[in-house]
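Novice: Encoded as structure tokens, here's the structure I'll be asking about.
Coordinate-derived values only; no laboratory data. In this text, all values refer to a predicted model and were calculated from it rather than measured experimentally. Note that we place each Cβ from the backbone using ideal geometry, even for glycine, and neighbour counts take in every protein chain shown.
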Amino acid sequence: MSQTPQIYSSLTLEDKVSELGKLTEWVASLAERIGAGKRDKFRFDLAVTEAVTNVIMHGLPDESERLIRTEASFEEGSLAISIIDSGIPFDPLTAPVKERPTSLAEATPGGAGLLLIRAYCDDASYEYSNGENRLTLIFQIKEAGENQSGASS
């Protein structure tokens, strides 16, 4: 039998860019509660914000207002954050990523989000079931925050 996660939290957002501030606050609160250091907080926020931004910008049809759910659990030094939406089926873990430019002249806006998500997570999974995308990002806690004994960030 599996143990109950030490921490569970959820947040529901409207599919609007203006909601990203709430997301950042929620992720920061989670990081504080689990005693994560500054670098880990940065990784969590960047990857989760990129994933939710992709849902808002590309995954939900313009004509509809939909909700995006986020769920987090923490157990044994590992934080799992799931992003759930009812938009267009899309697996960001297998989607092709834009090649990195070799010079500033070759660089174009957009396309780096998938690279960032993949780079800052330790593991991830995706499934589409019952009309919902579920992307789960897994982060191992790599440094303790200032509140943890014997460690600093």
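Novice: Is the shape of region 1-50 rounded, prolate or oblate, going by the alpha carbon gyration tensor and its root eigenvalues a ≥ b ≥ c, with a/c under 1.5 for rounded and a/b larger than b/c for prolate?
Specialist: Cα axes put region 1-50 in the oblate bin.
Novice: Assuming a ≥ b ≥ c are the square roots of the Cα gyration tensor eigenvalues, decide whether the chain counts as rounded (a/c under 1.5), prolate (otherwise, with a/b larger than b/c) or oblate.
Specialist: Note, shape of the chain comes out oblate.
Novice: Filter the GluC sites (Glu not before Pro) in region 1-106 down to the DSSP loop ones having no more than 16 other Cβ atoms within 10 Å, then list what survives.
Specialist: When the GluC sites (Glu not before Pro) of region 1-106 are filtered for loop state and at most 16 Cβ neighbours within 10 Å, E63, E65, E76, E99 remain.
Novice: If you don't mind, another one. Given a Förster distance of 30 Å, report the FRET efficiency between S103 and K38 from their Cβ-Cβ distance, rounded to the nearest 0.05.
Specialist: 0.40
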